[in-house]
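Novice: Submitted below is the structure of interest, expressed as structure tokens.
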Amino acid sequence: MPHGSNAAIRVMFGFALLASLPAVAYAHPDIIFSCTTTTGKKVEVHDSGDAVSYRLLDRKGMDELAFSVPRSAASTYQWDGIGKDMIYSVQIPRGDIVYEVFQDADKVSQQVRSGIIVTIHGKTAAQLACKQETVINNMEGVALRPAS
């Protein structure tokens, strides 16, 4: 194949890759994570630069819970490249309660799980699963302090 054809294929592949990304990620570049849960509620985590906000909306789109914390209060777990589970999460504390959004991708089975874990005093109080087709995940590489 001539050299120019390879370049054209690379350009076409790049456009195809861009076209496959969720449009809402471009419309809301501040979204760290968003999904609709299996119960029909929506969860959003945003980064405003100075703060990280958490929103839980009911099925009608009304706020059930909304709060922000300084970026220095939020934390993240980033997969370290070892193991079959690629896990990314962001933790947003509110007093003794921590709201953690996560995505776990099993490299072997190709299964992906996303959701929200709520802990109170370090004990799991609630878990919500996301409908995978609704997930926007921008947690990889997010510049927050490492989770302890």
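Novice: Would you point out the residue of the stretch 125-148, among those that are assigned to a strand (DSSP E or B) and in contact with a Cys (Cβ under 8 Å, 6 or more places away or on another chain), that is farthest from Thr37 (Cα to Cα)?
Specialist: The extreme case among them is Ile136.
Conditions tested, residue by residue: (1) under 27 Å from Arg145 (Cα atoms); (2) among the small types (Gly, Ala, Ser); (3) modelled with pLDDT of 90 or more.
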{"site": "Met1", "(1), (2), (3)": "no, no, no"}
{"site": "Ala16", "(1), (2), (3)": "no, yes, no"}
{"site": "Val24", "(1), (2), (3)": "yes, no, no"}
{"site": "Thr36", "(1), (2), (3)": "yes, no, yes"}
{"site": "Lys42", "(1), (2), (3)": "yes, no, yes"}
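Novice: Taking the criterion of being buried (at least 18 other Cβ atoms within 10 Å of the Cβ) and more than 11 Å from the chain's Cα centre (by Cα), would at least one residue in the stretch 105-126 satisfy it?
Specialist: No - not one qualifying residue is present in the stretch 105-126.
Novice: Now for a different question. If Arg145 satisfies all but one of (1) in contact with a Ser or Thr (Cβ under 6 Å, 6 or more places away or on another chain); (2) in contact (Cβ under 8 Å) with a residue 24 or more places away in the chain; (3) surrounded by 13 or more Cβ atoms within 10 Å (Cβ to Cβ), what's the number of the condition it fails?
Specialist: Of the numbered conditions (1) in contact with a Ser or Thr (Cβ under 6 Å, 6 or more places away or on another chain); (2) in contact (Cβ under 8 Å) with a residue 24 or more places away in the chain; (3) surrounded by 13 or more Cβ atoms within 10 Å (Cβ to Cβ), the odd one out for Arg145 is (3).
Novice: Take Ser48 and decide whether it is without any contact (Cβ under 8 Å) to a residue 40 or more places away in the chain, crowded, with 16+ Cβ neighbours inside 10 Å and on the phi < 0 side of the Ramachandran plot.
Specialist: Spelling it out, it is not the case that Ser48 is without any contact (Cβ under 8 Å) to a residue 40 or more places away in the chain, crowded, with 16+ Cβ neighbours inside 10 Å and on the phi < 0 side of the Ramachandran plot.
Novice: Now, a different point. In the stretch 72-104, what residues are under 16 Å from the mean Cα position of the chain (by Cα), part of a loop (DSSP other than H, G, I, E, B) and modelled with pLDDT of 95 or more?
Specialist: Result: Ala74, single match.
The values are calculated or read from the model by the stated rules, or taken from the named source; none is laboratory data. Bear in mind that the values here come from a model prediction, so they are computed numbers and not experimental data. Don't worry about glycine lacking a Cβ; one is built from the backbone with ideal geometry, like all the others, and counts go over all protein chains shown.
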